[in-house]
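The values are calculated or read from the model by the stated rules, or taken from the named source; none is laboratory data. These figures come from a predicted structure and were not determined experimentally. Virtual Cβ from ideal backbone geometry, glycine too; neighbours counted across all protein chains shown.
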Amino acid sequence: MNALVKSIGILAFGALVSLNLNAQDFQGQATYISKSTMDLGRWGARLSEAQKKQVMARMKNRLEKTYTLTFNKEESIFKENDMLDAMSGATDSWGKNFAAGEQYKNVKTNIQLQDQEFYGKQFLVKDKLQPIEWKMGTESKQIGNYMCFKATASIPTDELTWYNFSWDKLRRSEAAKQNADGDTEATEEPEVAMTEVEAWYSPQIPVSHGPSEYWGLPGLILEVSAGNTTMLCSKLVINPQDKVDIEAPDKGKEVNKTEYQDIISNKMKEFRDNRGRRRSGR
């Protein structure tokens with residue numbers, strides 16, 4: 001991403017060093033480019049280079065995305081910009097079932113609200129902001145016109161991807177439940193998978209916002225890397241001419257993150273069991 005940092009300049013309007021956050025109509029809008037890598041594993045080892053390129057082209061709309069973060073002193077809205085499928089020209093309808101919806105955060109009230117649509121049903125996921133224990137570093141670097149400082153954290157992987165689904169996670173959950181319901185002695189608690197996060201924030205923009213689940217630093221997060229994904233701010237506008245209303249969403253069935261995860265898991269188990277019955281001819 002270093003080459004990307006050098007090649008993309010951040011467009012800033014207003015003061016670069018000191019922002020007037022006391023202004024009632026203060027607002028900022030940041031555009032982030034997200035890039036992920038994908039390990040094709042043993043299956044990929046059997047593919048030719050041409051086949052690998054075809055796979056990566058088909059997956060491009062899931063591996064490269066753009067997002068917009070609109071924020072004021074206390075609130076923010078983070079949403080993905082629609083991208084057409086690189087091969088068919090259609091939106092990625094399957095991926096949307098397990099993608100993050102439009103996210104509202106309020107750093108003053110410690111509330112997060114997220115619109116999620118799952119197979120035609122609308123949910124409003126309401127919970128507290130993801131707690132993050134940042135370790136402040138002394139390293140610094142320039143991103144566009146802004147001086148940024150490094151911070152790191154270790155966050156449970158499942159907490160960062162609560163809106164997603166994986167069969168591995170379901171298998172672990174079912175195994176833990178069987179173990180808890182059985183008569184055998186309880187085994188050790190399974191080790192919690194953690195994701196190491198590296199963030200770069202700028203005190204020149206003294207708000208505690210950031211993309212996705214990330215927040216809580218003394219400056220806007222302009223770059224964050226976690227797992228196989230890096231998000232980099234490519235454009236920043238302070239007090240844009242056309243203001244955007246930052247409003248908390250209020251539509252859909254209200255659930256918390258844990259309840260939403262249970263809904264997804266139960267539905268996917270239903271799909272799996274129905275498919276198994278069809279294969280067995282029952």
> Restricting to region 203-246, what's the tally of residues that are touching a residue at least 40 places away in the same chain (Cβ under 8 Å) and within 20 Å of the chain's Cα centre (by Cα)?
Replying inline: 28
>> Looking at Ala153, Ala176, Ala193, can you tell me which residue is farther than 24 Å from Lys35 by Cβ, out of contact with any Leu (no Cβ under 9 Å at 6 or more places or on another chain) and either buried (at least 17 other Cβ atoms within 10 Å of the Cβ) or modelled with pLDDT under 90 (or both)?
In response: Ala176
>> If Ile132 satisfies all but one of (1) touching a Phe, Trp or Tyr at 6+ places or on another chain (Cβ under 8 Å); (2) surrounded by fewer than 13 Cβ atoms within 10 Å (Cβ to Cβ); (3) among the β-branched types (Val, Ile, Thr), what's the number of the condition it fails?
In response: (2)
> Inside region 193-209, can you point out the residues that are of a type in the set (A, V, I, L, M, F, W, C) and closer than 9 Å to Leu220 by Cβ?
Replying inline: Ile205, Val207
>> Give me the helices (runs of 4 or more DSSP H) completely within region 17-124, filtered to those with at least 2 residues that are over 30 Å from Glu254 (Cβ atoms) and either modelled with pLDDT under 95 or of a type in the set (S, T, N, Q) (or both), ordered by residue number.
In response: 41-45, 49-58, 60-63
> Mind checking which residues of region 209-243 are buried (at least 23 other Cβ atoms within 10 Å of the Cβ), in contact with a Cys (Cβ under 9 Å, 6 or more places away or on another chain) and either at pLDDT below 95 or under 21 Å from Lys108 (Cα atoms) (or both)?
Replying inline: Pro211, Leu220, Ile221, Leu222
>> Among the residues that make up region 262-278, is at least one of them closer than 30 Å to Gln142 by Cα, modelled with pLDDT under 95 and surrounded by 11 or more Cβ atoms within 10 Å (Cβ to Cβ)?
In response: no
